[in-house]
Amino acid sequence: MAYSTKSERDAAAVEWLLEGARIGQRLAMVTTDPDGGAGLLAALTAADARVAQEVAAFSHDQIYDMSKPIDADAQLALYAGQVKRALAAGFNGIRVFCDITPLIADPARRASHAHWEHTADAWMAEGNPMSALCAYDVGVVGDQPEAVMVVHPLRQGPATTSTPFGLFCQPSKTVLGGEVDAFGVRALAEALQALPKGPVNLDVSDLSYICARGAAALAQAGQVATTDRPRIRLTGAPPIVKRIWQVLGFDMDMIPEDATQR
């Protein structure tokens, strides 16, 4: 979620946390607000005082090493441990609200953060009972589409911050769906860089449109990672994608023949 005001952010966070309480998840919030998160807790208390008492509040430096880019594996181990403890305590997993503004305010941190977000998304898609709402302040981060937004399956914010496509995980697969136009090419290229290093099967069956520049970014990301297999293979490719690959002379090995039929 990209937000413009704290009240807008807090309203979304309250709704998110209340839903988590309803389904039996352990709740946590991560902010570095000047008031220590008191404003958000007050908004939650006004909605449901009992739930507000159950929320664990953290600052970013308690959860993240702010001195360096995020180590996705180490961060995942931390959250996996929290999930394990929550399940042992009788909860149905954990639900986190995190204002990621301090984590991505420095543009140099955004690539590693997008990789972390994709790593966490893949882990949750495997069935691990954790859910997270990430929010950032467009007044600090800016209002251009970012890979950090693209790698989330659900995206909300001003039209200038979002894209009509997403690159995210579902059970057993990574998906690129929606419409990639010229305005989203940079965000797509950055999101592709957030993928794991090994070969990736990318399901594009829900890709309804992709411009030539977007296709070129996808083809470049699919450059061979091994001697016999591209780094990215497109599965479920609709006819328009196959046609673009033919016309522009891209590597047809990226599109297995039996995966081009819909």
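The single residue among Val185, Val138 that is modelled with pLDDT of 90 or more and in contact with a strand residue (DSSP E or B) (Cβ under 8 Å, 6 or more places away or on another chain) turns out to be Val138. When each of Thr32, Thr101 is tested for being open to solvent by less than 60 Å² (accessible area, probe 1.4 Å), farther than 14 Å from Ala132 by Cα, assigned by the TED database to the domain that holds Leu154 and in contact with an Asp or Glu (Cβ under 8 Å, 6 or more places away or on another chain), the lone residue that passes is Thr101. When Gly90, Gly81 are screened for being open to solvent by less than 70 Å² (accessible area, probe 1.4 Å), part of a loop (DSSP other than H, G, I, E, B), out of contact with any Lys or Arg (no Cβ under 9 Å at 6 or more places or on another chain) and not acidic (Asp, Glu), only Gly90 passes.
Residues of region 33-70 that are polar (S, T, N, Q) and under 19 Å from Arg22 (Cβ atoms): Thr45, Gln53. When Val51 is tested against (1) open to solvent by less than 30 Å² (accessible area, probe 1.4 Å); (2) in contact (Cβ under 8 Å) with a residue 60 or more places away in the chain, just one condition goes unmet, and that condition is (2). Residues that are of a type in the set (A, V, I, L, M, F, W, C) and not in a helix (DSSP H, G or I) within region 126-153 comprise Met130, Ala132, Leu133, Cys134, Ala135, Val151, listed in sequence order. Suppose the filter is surrounded by 17 or more Cβ atoms within 10 Å (Cβ to Cβ), within 20 Å of Ser112 (Cα to Cα) and modelled with pLDDT under 95; does Leu195 pass it? Against the criterion (surrounded by 17 or more Cβ atoms within 10 Å (Cβ to Cβ), within 20 Å of Ser112 (Cα to Cα) and modelled with pLDDT under 95), Leu195 qualifies. Remark: pairs (first residue in region 235-254, surrounded by fewer than 17 Cβ atoms within 10 Å (Cβ to Cβ); second residue of a type in the set (Lys, Arg); Cβ separation under 7 Å; 6+ apart in sequence or on different chains) are absent. Checking the stated criteria, Glu126 turns out not to satisfy the condition of being crowded, with 16+ Cβ neighbours inside 10 Å and of a type in the set (D, E, K, R).
Does Gln75 meet the test of being closer than 30 Å to Pro171 by Cβ, open to solvent by less than 50 Å² (accessible area, probe 1.4 Å) and either among the hydrophobic types (A, V, I, L, M, F, W, C) or touching a residue at least 40 places away in the same chain (Cβ under 8 Å) (or both)? The answer is yes for Gln75.
Scanning region 14-46 for residues that are in contact with a Leu (Cβ under 6 Å, 6 or more places away or on another chain) and under 19 Å from Val138 (Cα atoms) yields nothing.
Just to check your reading of the model, which residue among Pro107, Pro153 is farther than 17 Å from Leu78 by Cα, without any contact (Cβ under 8 Å) to a residue 60 or more places away in the chain and within 16 Å of the chain's Cα centre (by Cα)?
Pro153
The set of residues in region 154-170 being within 16 Å of Glu190 (Cα to Cα), assigned to a loop (DSSP other than H, G, I, E, B) and at pLDDT 90 or above consists of Pro164 alone.
The values are calculated or read from the model by the stated rules, or taken from the named source; none is laboratory data. All figures in this text were calculated on a predicted structure; none of them were measured in a lab. So basically every Cβ, Gly included, is an ideal-geometry build from the backbone, and we count neighbours across all protein chains shown. Only protein heavy atoms, including side chains, enter the accessible area calculation; ligands, DNA and RNA are left aside. Shrake-Rupley method; radii C 1.70, N 1.55, O 1.52, S 1.80 Å.
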